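First the structure, in the form of structure tokens, and then the observations on it.
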Amino acid sequence: MGFAYKLTANRDDAKDLVQETNLKSLKYYDKFVHKANFRAWTFTIMKNTFINNYRRTLLQNTYSDQSKESFYINQTEYSESDDVFSASEITQKIEKLKDTLRIPFMMYIDGYKYKEIAHELDLNIGTVKSRIFFSRKLLKYQLDSSKRWQCIT
């Protein structure tokens with residue numbers, strides 16, 4: 001709890017972080033290397049969870065009003081030119097990728113680390129990184145192209 005409090009500087013957020021860390025450590029226990037230090041492994045999960053939540057909060061750009069009404073203000077403004085895609089559109093584009101790109105990309109999205117993907121697929125770590133990079137680049141291109149096509153029609 002102390003480490004979580006040092007990260008969050010808020011007692012309630014620290015409790016939430018500990019709870020989320022416990023859930024993740026149970027969920028991914030099969031990925032724990034049994035000769036490793038379990039405490040260090042859970043602290044790494046906690047730190048990474050905190051960082052991911054912090055980044056997600058920054059991206060959402062949502063602020064909480066501390067008044068009695070306690071409503072949320074989202075400062076993100078969308079225009080017609082913003083790229084907004086449905087999950088099904090993105091999933092369709094991912095499914096159309098070649099297996100050599102799609103499989104490492106999906107494993108990465110599912111939470112596998114580069115090293116784990118490389119081991120599982122019997123590839124060099126550099127190959128895994130490049131395939132994930134090219135998958136992202138290709139998906140971005142395909143989504144941008146489909147958006148342009150929708151604007152033309």
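Only the coordinates and a few stated rules stand behind these numbers; no lab work does. Computed from a predicted structure; not experimentally measured.
Please enumerate, by chain and number, the lysines with C-alpha under 21 Å from the C-alpha of K129, excluding those fewer than 8 residues away in the same chain.
K31, K93, K96, K98, K113, K115, K137, K140
Provide the gained length on full extension for the span H119 to T100, in nm with one decimal, where the gain is 0.36 nm per separating residue minus the Cα-Cα distance. Could the numbers behind the result be given before it?
Values: separation 19, 0.36 × 19 = 6.84 nm, distance 1.48 nm.
Gain on stretching H119 to T100: 5.4 nm.
Report the full-extension gain for the segment W41 to Y29: residue separation times 0.36 nm, less the Cα-Cα distance, to one decimal in nm.
The W41-Y29 span can extend by a further 3.3 nm.
Which of the lysines could be linked to K6 by a straight reach, that is with a Cα gap under 21 Å, when you skip same-chain ones fewer than 8 residues away?
Qualifying lysines at Cα under 21 Å: K15, K24, K47.
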